[in-house]
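Some notes on the structure that comes next.
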Amino acid sequence: MTWTFSPERVDTPDATSLRRDYYDDVASRYWKRPATEAEIDEGLTNDGVEKLTPPTGQFLVARFEGKPAGCGGVLMLDGERAELTRVFLRHAFRGAGGASGLLRTLEDEARALGARRMVLNTRLDLVEARALYTRHGYVEIPAYCTGPYMDIWYGKEL
């Protein structure tokens, strides 16, 4: 069973499909009902993903045996801090080690962009994500940004 994690433009068919699935997953959980196609379209409009390319960031696609399985990005906030964003594995691929590999590769990409610290924000209901982050050494930090879908903030020295 082989995982690969590769930089990819956010507008490729696989990246676009994964970004849609990510937004569908987090929005549906938040609203406690399935997100509509129109809501997904609206959520992806002007969401800033164009910055997830060097030198301001990087976007990765995770593939399991060649199939698009997940994605994630890092966004440089300043000269030393990168933000982890849009980390997602499709449900069918969870439990096979892909999330840990994706997270490690995203950290490597952040280091390559000059980051010495990774930060992130998430929601309390995204328990799987929170467990992944703490398992990999992320600790709760004071809020470094604000927004309607942010409940908790984490950081880690790279």
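The values are calculated or read from the model by the stated rules, or taken from the named source; none is laboratory data. Being a predicted model, the structure only gives us computed values, none of them experimental. Cβ placement follows ideal geometry from the backbone for every residue including glycine, while neighbour counts extend to all protein chains displayed. Ligands, DNA and RNA are stripped out before the accessible areas are found, and what is left, the full protein with its side chains, is counted by its heavy atoms. Shrake-Rupley method; radii C 1.70, N 1.55, O 1.52, S 1.80 Å.
Some notes on this structure:
- Computed [θ] at 222 nm, helices only, for the chain once each DSSP H run of length n ≥ 4 contributes -39500 (n - 2.57): -10000 deg cm²/dmol
- Only protein heavy atoms count here; under a 1.4 Å probe, H136 has an accessible surface of about 40 Å².
- Residue-count net charge about A15 - beta-carbon cut-off 9 Å; Lys, Arg +1, Asp, Glu -1: -1
- Ranked by how many other beta carbons lie within 10 Å on average, peptides 37-44, 74-81 from highest: 74-81, 37-44
- A 1.4 Å probe, protein heavy atoms only, puts the accessible area of Y149 near 110 Å².
- A Förster radius of 41 Å, combined with the Cβ-Cβ distance separating E140 from A96, puts the computed FRET efficiency at roughly 0.90.
- Neighbourhood net charge (13 Å Cβ-Cβ; Lys/Arg +1, Asp/Glu -1) for A96: +3
- When the Cα positions of P55, T45, P34 are compared along the charge dipole of region 29-81, P34 comes out farthest toward the positive end, with charges on each C-beta of Lys, Arg, Asp and Glu.
- Nearest-0.05 FRET efficiency for A131 and T36, computed from C-beta distance (R0 30 Å): 0.55
- Our coupling estimate for region 57-64, obtained by passing each phi through the Karplus curve with A = 6.51, B = -1.76, C = 1.60 and θ = phi - 60°, is x, 7, 10, 10, 10, 9, 10, 10 Hz, Gly and Pro reported as x.
- Taking every Cα-Cα distance in the chain and sorting them into 5 Å bins from zero, the calculated P(r) comes out as 2, 9, 19, 23, 23, 17, 6, 1 percent.
- Region 43-158, relative contact order [Cα under 8 Å, separation at least 6], %: 21 percent
- Point-to-point label distance, Y149-A112, nm (Cα→Cβ direction, 7 Å offset): 2.7 nm
- The order of the peptides 120-129, 96-105 by mean Cβ neighbours within 10 Å, most packed first, is 96-105, 120-129.
- Cα-based shape type of region 40-133, given that a ≥ b ≥ c are square roots of the gyration tensor eigenvalues and the cut on a/c is 1.5: rounded
- FRET efficiency for N46 and M1, using Cβ-Cβ distance with R0 set to 30 Å, rounded to 0.05: 0.20
- Long-range HN-HN contacts of V87 with modeled amide H, under 5 Å: G73
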